[in-house]
Amino acid sequence: KMNSAMSEEPDALSVVNQLRDLAADPLNRRAIVQDQGCLPGLILFLDHPNPQVVHSALLALRYLAECRVNREKMKSELGMMLSLQNVIQKTTTPGETKLLASEVYDILQSSNMSDMDNVNEMNYRRRKAQFFLGSTNKRAKTVVLHIDGLDDSSRRNLCEEALLKIKGVISFTFQMAVQRCVVRIRSDLKAEALATAIASTKVMKAQQVVKSESGEEMLVPFQDTPVEVEQNTDLPEYLPEDESPTKEQDKAVSRVGSHPEGAASWLSTAANFLSRSFYW
């Protein structure tokens with residue numbers, strides 16, 4: 001019994017990672033949520049024993065929730081809110097994963113409230129999340145990066161891997177058209193750590209996007225002195241060191257991005273995998 005569970009694990013991880021990569025592209029977000037199998041599958045992944053699968057599923061949900069049209073359906077999907085609460089309240093959940101789960105919960109919870117209720121609910125949720133996280137959790141902050149060289153899906157994957165290794169990164173969203181990445185980090189993490197991680201890819205360089213007093217956006221370069229980056233030990237890496245995505249996979253991902261119907265056929269494959277795995 002144990003062996004069969006072990007052998008299924010890479011499948012679960014590769015499926016959830018592909019869903020995460022598809023969800024990263026705004027063109028695919030509505031199709032994924034409309035699909036019969038994907039949301040229920042992601043909800044089941046939230047209860048997966050591998051913390052890496054859980055984190056990847058949350059990143060996918062965070063991307064999907066960016067699309068306002070999706071929020072109501074996501075919120076009403078059977079088990080969604082309960083599973084998110086379980087992740088937040090489970091004592092074994094890594095800190096960054098808890099923050100990400102409570103962020104997704106907040107977005108969905110506030111999808112149909114009036115503004116005032118919305119603010120109260122968000123504050124209540126945040127206090128609750130901080131209670132579960134303990135006093136070590138500082139408030140999160142958002143850093144907007146402009147990344148020179150972020151121009152295709154393979155570069156995005158490289159960037160994603162670099163950011164996932166940093167302890168203190170909660171979530172990130174790519175805006176490929178403008179070569180930007182919006183990163184949510186714990187407030188005790190220096191933005192320079194992100195720049196160092198991105199520079200370590202050797203093919204990309206980050207600058208911070210800041211607003212001047214007049215409201216204009218400016219690009220501020222980081223100092224060239226690399227800062228010490230604390231590695232994220234809570235989560236295993238997405239890919240083992242000796243394994244890198246093949247050219248074929250890159251092509252597949254970029255094809256999906258440019259043709260939503262490509263996403264649809266991939267989604268049906270994912271849904272088949274999910275239904276086989278979970279026997280619903």
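Available extension along the chain between GLU161 and THR173 is 3.0 nm, counting 0.36 nm per residue and deducting the alpha carbon span. PRE reach from VAL210 (point 7 Å along Cα→Cβ): which of the range 157-196 fall under 20 Å by backbone N? Counting only backbone N, you get 180-196.
In whole Å, what is the distance between the alpha-carbon centres of the range 28-73 and the range 191-217? If you average the Cα positions of each part, the centres end up 28 Å apart.
Checking the Cα-Cα distances for LYS98/LYS205; LYS75/LYS190; LYS90/LYS211; LYS167/LYS205; LYS167/LYS211; LYS73/LYS211 against a 31 Å cut-off, the pairs over it are LYS75/LYS190; LYS90/LYS211; LYS73/LYS211. Could you tell me which of rounded, prolate or oblate describes the range 139-211, using a ≥ b ≥ c as the square roots of the eigenvalues of the alpha-carbon gyration tensor, with rounded for a/c under 1.5 and, failing that, prolate when a/b is larger than b/c and oblate otherwise? The shape class here is prolate. Applying a DSSP loop filter and a limit of 12 other Cβ atoms within 10 Å to the GluC sites (Glu not before Pro) in the range 174-228 leaves GLU213, GLU216, GLU228. Note on the range 139-211: dipole from Cβ charges, positive end direction compared against LEU158, MET204, HIS146; the farthest Cα belongs to HIS146. Counting 0.36 nm for each residue step from LEU219 to GLN85 and taking away their Cα separation leaves a gain of 44.4 nm. Summing Lys and Arg as +1 and Asp and Glu as -1 over all other residues whose Cβ lies under 11 Å from the Cβ of PHE172 gives a net charge of +3. The gain in end-to-end length when the THR142 to LEU27 segment is fully stretched comes to 39.0 nm, 0.36 nm per residue minus the alpha carbon separation.
Here LEU27, LEU158, LEU108 are placed in order of increasing Cβ neighbour count within 10 Å, fewest first, which gives LEU27, LEU158, LEU108. For the range 174-209, state which trypsin sites (Lys or Arg not before Pro) are in a DSSP loop and have at most 16 other beta carbons lying within 10 Å of their beta carbon. Taking the range 174-209 and a limit of 16 other Cβ atoms within 10 Å, the loop trypsin sites (Lys or Arg not before Pro) found are LYS190, LYS202.
Coordinate-derived values only; no laboratory data. Everything quoted here is computed from the prediction, not taken from an experiment. Counting neighbours? That spans all protein chains shown, and the Cβs are built from the backbone with ideal geometry, glycine included.
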